[in-house]
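Below is one structure; the comments refer to it alone.
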Amino acid sequence: MRRPPGSTPLARARSLRHNQTTPEALLWARLRNRQLGGRKFRRQVWLGHYIVDFFAAEARLVIELDGETHSGAPAEAADAARDAFLVGQGYRVLRFWNHEVTSNIDGVLQAIIAALPSPSRREATGPSLSPEGRGE
C-alpha cells in the first residue's frame, strides 16, 4: 500500500522518523540494516490510512510501540480498529509497550524473531549456481 497523495502525509512520516521516541530509537538501532534475522525493516511507513512504527514488508509484519497515550478505552478502541484493518489487509501486528522495549529489549527482539516466518529453502541455501558458476 502506498501513502495517501500529497505532501502532508509525506511530511508527517518524515517528522515521525526525525522525532522518534527513546523506545523507537532503541528498537530501530536493533532492526535497521538487516540486523534481525537478515530481514529488512522500515520505520514510519504508510499502510492504508495509518502510519505504522516498523514494518517488514517481505514478512508482512507490523510492529507498534505503545506509550501512555495508548491506555484507556478510547485509545484501546482506536488501536483495535487499526489492528483489525491491518490484519484484514494480511499483515500480522505485534504491539509492545514502551517500557518493554526500554527494560527488556532482548525479550522484545525474541518475540519479533518468533513472529517472522521461516526463510524459504531458497533463501536459506542461497541461489543455485549455473554449471559455469560452480567451476565445472
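The values are calculated or read from the model by the stated rules, or taken from the named source; none is laboratory data. Please read these numbers as outputs of a predicted model, since none were measured by experiment. Cβ coordinates were reconstructed from backbone atoms using ideal geometry, including for glycine residues, and neighbour counts include every protein chain displayed. When the accessible area is computed, the model is the full protein with side chains, heavy atoms only, and any ligands, DNA or RNA have been set aside. Shrake-Rupley method; radii C 1.70, N 1.55, O 1.52, S 1.80 Å.
Tabulated data for the structure shown
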quantity	calculated
Selection status of Ser15, farther than 27 Å from Pro117 by Cβ, at pLDDT below 95 and open to solvent by 20 Å² or more (accessible area, probe 1.4 Å)	yes
Qualifying residue in segment 84-95 (condition: touching a strand residue (DSSP E or B) at 6+ places or on another chain (Cβ under 9 Å), in a helix (DSSP H, G or I) and at pLDDT below 95)	no
Count of residues meeting criterion [within 17 Å of Glu64 (Cα to Cα) and in a helix (DSSP H, G or I)] in segment 19-38	11
Matching residues in segment 83-93 - criterion: being closer than 13 Å to Glu64 by Cβ and open to solvent by 40 Å² or more (accessible area, probe 1.4 Å)	Phe85, Val87, Arg92
Checklist (1) modelled with pLDDT of 95 or more; (2) surrounded by 14 or more Cβ atoms within 10 Å (Cβ to Cβ); (3) in a helix (DSSP H, G or I) applied to Asp106, failing item	(2)
Filter result (among the charged types (D, E, K, R) and either in a loop (DSSP other than H, G, I, E, B) or open to solvent by less than 50 Å² (accessible area, probe 1.4 Å) (or both)) within segment 39-65	Arg39, Lys40, Asp53, Glu58, Arg60, Glu64
